[in-house]
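The values are calculated or read from the model by the stated rules, or taken from the named source; none is laboratory data. Because the structure is a prediction, the values reported are computed rather than measured. Here the Cβ is made from the backbone with ideal geometry for all residues, glycine too, and neighbour counts use every protein chain on show.
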Amino acid sequence: MKVEKRLKELGIELAKPTTPMGSYVNAVRTGNLLYMAGKGPGQPGHPLPVGKVGRDFTVEEAYEHARSVGLSIIAAIKAELGDLDRVKRIVKVLGMVNAIPEFGQQPEVINGCSDLFVSVFGERGRHARSAVGMASLPRGIPVEIEVILEVEDAPSRRAAAKPAAKRKAAPKAKKKAAKKKKN
């Protein structure tokens with residue numbers, strides 16, 4: 001199923017991706033892996049959620065923050081790749097939860113992002129994951145998440161690669177045909 005169609009079915013409209021707050025970029029690609037910078041909750045024009053999970057936020061509220069971070073990550077992926085169908089697989093999610101020391105439900109919080117990825121990308125959205133507690137996060141946000149994903153080449157690159165592969169195979173085919181004639 002096309003990811004854009006799935007987003008519409010889920011009633012999700014992606015916002016413009018947030019810009020980095022420092023000397024870094026939203027994504028770096030190396031080979032077929034795309035490393036997404038850590039993102040936190042919050043949208044431009046709205047107050048930044050600040051506080052600790054287990055004191056200022058319930059698990060359910062933090063789950064929603066993790067989900068909103070997942071939406072922000074998907075928007076950044078789309079901006080980077082141009083087409084969400086190029087996501088071959090979400091490989092790894094690292095979820096960091098700004099929590100009180102005795103808090104132990106980090107996995108339940110980060111499920112907000114993980115559940116979203118599976119809803120949007122299907123089996124391609126299932127991933128390896130770490131969900132950890134932190135003493136603090138930038139600007140006091142309750143959740144930060146980073147993602148590594150595997151991507152497909154752009155359709156134009158895939159199309160260009162196929163004829164080259166056929167050209168390499170052509171001499172072998174000619175040799176086989178010549179060998180058959182000889183026998």
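Any chance the stretch 67-80 includes a residue that's under 22 Å from the mean Cα position of the chain (by Cα) and either part of a loop (DSSP other than H, G, I, E, B) or of a type in the set (Phe, Trp, Tyr) (or both)? No, the conditions are met nowhere in the stretch 67-80.
Residue-by-condition table, conditions (1) more than 20 Å from SER114 (Cβ to Cβ); (2) touching a residue at least 40 places away in the same chain (Cβ under 8 Å); (3) part of a helix (DSSP H, G or I):
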| site | (1), (2), (3) |
| --- | --- |
| GLY22 | yes, no, no |
| VAL28 | yes, no, no |
| GLY38 | no, yes, no |
| PRO41 | no, yes, no |
| GLY51 | yes, yes, no |
| ARG55 | yes, yes, no |
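Got at least one residue in the stretch 59-68 being loosely packed, with under 15 Cβ neighbours inside 10 Å and within 18 Å of LEU116 (Cα to Cα)? Within the stretch 59-68 (the criterion being loosely packed, with under 15 Cβ neighbours inside 10 Å and within 18 Å of LEU116 (Cα to Cα)), the answer is yes, since at least one residue qualifies. The requirement of being under 15 Å from ILE141 (Cβ atoms), touching a helix residue (DSSP H, G or I) at 6+ places or on another chain (Cβ under 6 Å), at pLDDT 95 or above and in the same structural domain as ILE141 (by TED's automatic domain parsing) is satisfied by ALA62. None of ILE77, ILE148 is crowded, with 22+ Cβ neighbours inside 10 Å, assigned by TED's automatic domain parsing to the domain that holds LYS8 and either within 22 Å of THR18 (Cα to Cα) or touching a strand residue (DSSP E or B) at 6+ places or on another chain (Cβ under 6 Å) (or both) except ILE77. Here ASN111 meets each of (1) under 15 Å from the mean Cα position of the chain (by Cα); (2) touching a residue at least 60 places away in the same chain (Cβ under 8 Å); (3) surrounded by fewer than 21 Cβ atoms within 10 Å (Cβ to Cβ) with one exception, condition (2). Restricted to the stretch 114-142, and to residues there that are in contact with a Leu (Cβ under 9 Å, 6 or more places away or on another chain) and surrounded by fewer than 16 Cβ atoms within 10 Å (Cβ to Cβ), the residue that is modelled with the lowest pLDDT is ARG139.
Checking each residue in the stretch 1-14 for being in contact (Cβ under 8 Å) with a residue 12 or more places away in the chain and exposed (fewer than 12 other Cβ atoms within 10 Å of the Cβ) picks out MET1, LYS2, LEU10.
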